[in-house]
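Trainee: Sending over a structure as structure tokens; questions will come in a sec.
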Amino acid sequence: MSAEAWTEQRRAWTNRRIASGRHRGFGPTDAVLPSMGFVTGSTSDEPETVIFAPGDHAASLSTVPALAIQGRRARFAKRLLDLVVAIPIALLFVLLLPFVALALKLTSPGPVLFKQQRLGRHGRTITVYKFRSMRIDAEARLRADPELFEAYRKNGFKVPARLDPRITPVGRFLRTTSLDELPQALCVLRGTMSAVGPRPVVPDELAALYRRAPEYYLACKPGLTGLWQVSGRSHVVHKNRTTLDQLYATNWSMLWDIKILVRTIPAVLTAHGAH
């Protein structure tokens with residue numbers, strides 16, 4: 001058997017495993033992400049097996065395996081887990097709100113909470129809240145500075161912290177400790193976000209990062225944490241970030257969500273990849 005025929009046979013076998021629901025053992029550190037190509041998963045015993053090659057027509061949901069996260073049981077289980085996680089985080093947000101608000105008001109003008117329109121499940125527009133970490137004219141400064149905007153675009157729609165003059169001193173602390181994301185617990189309680197899922201993106205990001213296969217992102221609610229967060233956060237380049245989202249949507253399990261939540265704790269405490 002030729003090498004090409006063997007590769008095709010392995011790809012077909014892997015796809016059958018995904019479609020039949022037996023592929024559930026994938027974890028955030030179990031795979032070696034390839035440097036290029038369109039990938040939605042791999043077998044636990046052969047981490048470099050590409051399920052969809054770059055030439056496959058993966059943009060249509062009719063040509064990809066059924067996504068585990070779309071099942072009725074999956075949605076019910078995730079909602080229960082969302083409430084268990086979001087309620088204590090929301091209480092922590094309420095307790096810290098007066099102190100963070102005072103620090104922000106004393107050091108820079110502007111509102112305490114920053115809100116932005118992001119894309120949620122099925123492409124619905126949702127409002128995401130954070131503690132404000134930037135100057136009030138941050139968006140205008142980004143658009144007015146061609147070099148800064150180019151760095152923002154090339155870095156997966158995030159300006160590297162060392163180059164970003166818009167972040168306030170208090171905001172830098174909030175970002176490093178991930179305290180700026182506490183208000184998102186309110187989004188989880190409302191049901192527009194989930195405890196675990198892809199990082200919420202703006203429409204420009206979806207078009208630029210996901211291109212041929214936005215369905216994998218749109219099948220999920222954006223999450224407080226996810227594979228991207230526990231795999232390095234801002235250290236993960238945007239191509240690998242979208243691959244992680246595809247893996248998560250295809251291979252979701254309740255156990256996997258719990259593992260991601262557990263791994264989030266040391267990632268936050270050590271500020272790994274935060275900026």
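The values are calculated or read from the model by the stated rules, or taken from the named source; none is laboratory data. These numbers come from a predicted model, not from an experiment. Every residue, glycine as well, gets a Cβ built from its backbone with ideal geometry; the counts of neighbours run over all protein chains shown.
Trainee: Of the conditions (1) at pLDDT 85 or above; (2) closer than 18 Å to D180 by Cα, P146 clears all except one; give me its number.
Mentor: Checking P146 against (1) at pLDDT 85 or above; (2) closer than 18 Å to D180 by Cα, the one that fails is (2).
Trainee: Next question. So L83 ticks every box in (1) surrounded by 15 or more Cβ atoms within 10 Å (Cβ to Cβ); (2) modelled with pLDDT of 95 or more but one. Which box is left unticked?
Mentor: (1)
Trainee: I'd like to check something: does region 169-176 contain any residue that is among the aromatic types (F, W, Y), without any contact (Cβ under 8 Å) to a residue 60 or more places away in the chain and under 26 Å from D137 (Cα atoms)? Talk me through it step by step, then tell me what you get.
Mentor: Pass one, region 169-176, residues among the aromatic types (F, W, Y): 173.
Remaining after also requiring without any contact (Cβ under 8 Å) to a residue 60 or more places away in the chain: 173.
Then keep just the ones that are under 26 Å from D137 (Cα atoms); that gives 173.
Yes, that holds for at least one residue.
Trainee: Separate question: So in region 136-166, with the set limited to residues that are crowded, with 18+ Cβ neighbours inside 10 Å and outside any helix (DSSP H, G or I), which one is farthest from the chain's Cα centre (by Cα)?
Mentor: R166
Trainee: Which count do you get for residues in region 99-135 that are touching a residue at least 12 places away in the same chain (Cβ under 8 Å) and outside any loop (DSSP other than H, G, I, E, B)?
Mentor: Residues that pass the stated criteria total 21.
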